[in-house]
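Quick notes on the structure that follows.
The values are calculated or read from the model by the stated rules, or taken from the named source; none is laboratory data. No experiment lies behind these values; they were computed from the predicted model shown. Cβ sites come from the backbone with ideal geometry, for glycine too, and all protein chains shown count toward neighbours. Note: areas computed on protein heavy atoms with side chains; ligands, DNA, RNA excluded. Shrake-Rupley method; radii C 1.70, N 1.55, O 1.52, S 1.80 Å.
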Amino acid sequence: MRVRKADGLIQRLGLERFGIEKLGIAGQARRHGAHIVDHGVSFNLWAPTAGSVELLQGGRPPQRMSRDDDGWYQLLSPTARAGTRYQFRINEDLIVPDPASFFQPDDVGAPSEVIDTAALRDATLYPGRPWEEAVIYELHVGAFSEEGTYEGVEKRLPYLRDLGITAIELMPINDVPGRHNWGYDGVLLNAPNARYGGPQDLKRLLRAAHALDIMVYLDVVYNHFGPQLNYLHSYAENFFNARHSTGWGPAVNLEGRDGAFVREFLIENALMWLRDYGFDGLRLDAVHALKDDSERHFLAELAETIRHELPGRRVHLMLENEANQAHLLDRAEGRPRHYEAQWGDDFHNALHVLLTGEDEGYYRAFADKPLEHLARSLTEGFAYQGEVFALHNEPRGEPSAHLPPDATIFFAQNHDQIGNRALGERLSKLLGPGKLGQAMALVLLNPHIPMLFMGEEAAVETPFLFFADWAGEAAELTREGRRKEFSHFKSFSTPEMRSRIPDPCDERTFQASKLDWNEIDRSPSCAQFRDLTSRLLTIRREKIVPLIKQGFVSARRELLGDHPSQGGIDVRWQTEEGEILQIVANFADHPLPMPELVAGECLWRGGPAQEQTLMPGDIIVRIGQP
């Protein structure tokens, strides 16, 4: 397999304006990582602050690598091939893996393995599905199945297909130290975690999903690297930008001449997952922490490059963005200019307050008027569109009413909202079946894109806790930091109370978070709620998705009751063809007068049927005419 010339990517990244050459040593295309070429393997490492770099290839003597003026070290090895193990030695002392390694068979600190990722590509591409058909199922590969592998996920794909799931989203699978981790503290972003299987196992999972017409999305993290076994500071200090910082440490450098190489590293990572493995979309974690004062922001460049490189592909790009930057979701001629959608945390937070009454932590910013926050999210995407956000005491968000509903992804639970709780409780532990069913109906029958978290479809009570497998000081800091995080909560206000918080680095914390499929398959209560989920998804597929395809031209909301947190909502969306989708729900603990309902078809009635009264926990979904 020949490595492609870098001209196109170099030009799009704007490296030419910095006077950066397209080719490196001996005319080889300069790209991060090890790439199979005509006469062996081209090894490439950007190490601008290293004095020397040597290639350690198997049992062969060290081979000194050549350096150019931009800090690129390169060597063409005629004896290397797919499967060759290798490392780099920095300044004749520090031995490190390849930061662009495509596979680490023996953990992140061990030798890297040469992988022919181009050989993974399919001759016939899966066409994907239209975005409006997406029903996303988020899962953690290690905790989803008893096996904790890609194969374990593959075995359950028919179950998800039959349920009505059209897309699975894998929490980050990039390699991290230790036996278990959420994946958001990645060290080697190109290397799929060997604990879940090898590259071919991951590819088999995608092929199996595509054969069932299930899309596969991947969660990627570009805003920071993990705290252990990340050696970039030792030889590429310029990979990070001292002018910016994030809540997880130094910000990656996306600015200037050196930032161009970092941008290339991240863009190539995205293209690898989409092009070589065949992922159908990416969800970018916490993009508000991507600090970039460049004239052209990295997020725009990333999306535009992906669209350019993969023409004709249905590639869905999603964001987690605390800043609520609506301009990143803008449409042009009905299609996303950059990103399809953003996770709708505003919707979740308002709904959670209404369902549980909790008002601590970030829920405090939604506790004053949760009904209005929820209704505004449903009709306009974001609840905060420039208003002062109580937690930060500064404006948050941009106007979003012009966006279509499918520009936001709505959920009642996800890995963050469950796992960031001290005890990892799901809503099934906090609510009765009535409210739980009401939440499920609201999530699945509104015109925004719905997402479920693994096991939610069956109302399992298995916790999902925060877990990691750090060692030494990092483990202690994580353990103490976790307890300190909840010290201002009433239920964890004393050291004795905080001692109940599970240790993230204890193997038992990870094991407690794994789904129990015996319960899902055999429990009558799980079967009953799973049947509810399946029926709701059938209604969505048959009735709601056609409305989304028509396109919505307006939305309006009305609050029911006299109290901002003890009442209901009446929300309506109108399509271009004049059809109206109406959702009426009562979140109060007392009955409310029935609002006027549109004449037409009742898709769902989820509470006690009272003709003139909207009972507590009731939800009504109708399609009709004005």
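Across the range 427-437, computed HN-Hα scalar couplings (Karplus, 6.51 cos²θ - 1.76 cosθ + 1.60, θ = phi - 60°) run 4, 5, 8, 9, 10, x, x, x, 5, 5, x Hz from first to last residue, x flagging Gly and Pro.
May I ask you to give the percent of accessible area on the chain that is carbon plus sulfur, with a probe radius of 1.4 Å? The partial results should precede the final answer.
Values: 11340 of 23780 Å².
On the chain, the fraction of accessible area on carbon and sulfur atoms equals 48 percent.
Solvent-accessible surface of the chain, averaged per residue with a 1.4 angstrom probe and all protein chains in place: 38 square angstrom. Taking 0.36 nm per residue of separation and subtracting the current Cα-Cα distance, fully stretching the chain between GLN200 and LEU271 would add 23.8 nm.
Going by the alpha-carbon gyration tensor, a ≥ b ≥ c the square roots of its eigenvalues, is the range 523-626 rounded (a/c under 1.5) or, if a/c is not under 1.5, prolate (a/b greater than b/c) versus oblate? Taking the square roots of the gyration eigenvalues as a ≥ b ≥ c, the range 523-626 is oblate.
Placing a label point 7 Å from the Cα of SER499 along the Cα-to-Cβ line, the residues of the range 462-491 whose backbone N sits under 20 Å from it are 476-491.
Where the eigenvalues come from the Cα gyration tensor of the range 411-462, what are the semi-axes √(5λ) of the equivalent ellipsoid, largest first, in whole Å? Numbers along the way, then the final one.
Numbers: eigenvalues 65, 35, 15 Å².
Gyration-tensor ellipsoid for the range 411-462: 18, 13, 9 Å.
Amide H contacts of LEU218 (H built 1.01 Å from N, in plane; Pro and chain starts excluded): LEU170, GLY281, LEU282, ARG283 sit under 5 Å, all sequence-distant by 5 or more or on other chains.
Roughly how compact is the range 188-266, stated as its Cα Rg over 2.2 N^0.38 Å to two decimals? Can you show the working numbers first?
Working: Rg = 16.3 Å, N = 79, 2.2 N^0.38 = 11.6 Å.
Working it through for the range 188-266, the quotient is 1.41.
For GLU151, what is the net charge nearby, where nearby means another residue's Cβ is under 13 Å from its Cβ and Lys, Arg count +1, Asp, Glu -1? Walk me through the intermediate numbers first.
Details: positive: LYS155, ARG156, ARG195, LYS203, ARG204, ARG207; negative: GLU146, GLU147, GLU154, ASP201.
With Lys, Arg at +1 and Asp, Glu at -1, the net is +2.
Take the range 122-185, drop everything but the C-alpha atoms, weight them equally and run the Debye formula without solvent; then report log10 I(q)/I(0) at 0.12, 0.21, 0.23 Å⁻¹ to two decimals. Treating every Cα as an identical point scatterer, log10 I(q)/I(0) equals -0.38, -0.97, -1.06. Once the Cα-Cα distance is subtracted from the 0.36 nm per residue extended length, the HIS233 to THR79 segment shows a gain of 52.4 nm. TRP604: net charge of surrounding residues, Cβ under 11 Å, Lys/Arg +1, Asp/Glu -1, itself excluded? Residues close to TRP604 contribute a combined charge of +3. Of all beta bridges that DSSP places with both ends in the chain, some 75 percent have antiparallel geometry. Shape summary of the range 444-534, radius of gyration then Dmax from alpha carbon positions: 17.2, 48 Å.
The alpha-carbon atoms of the chain, seen along their principal axes, cover 84, 58, 48 angstrom, with the largest extent given first.
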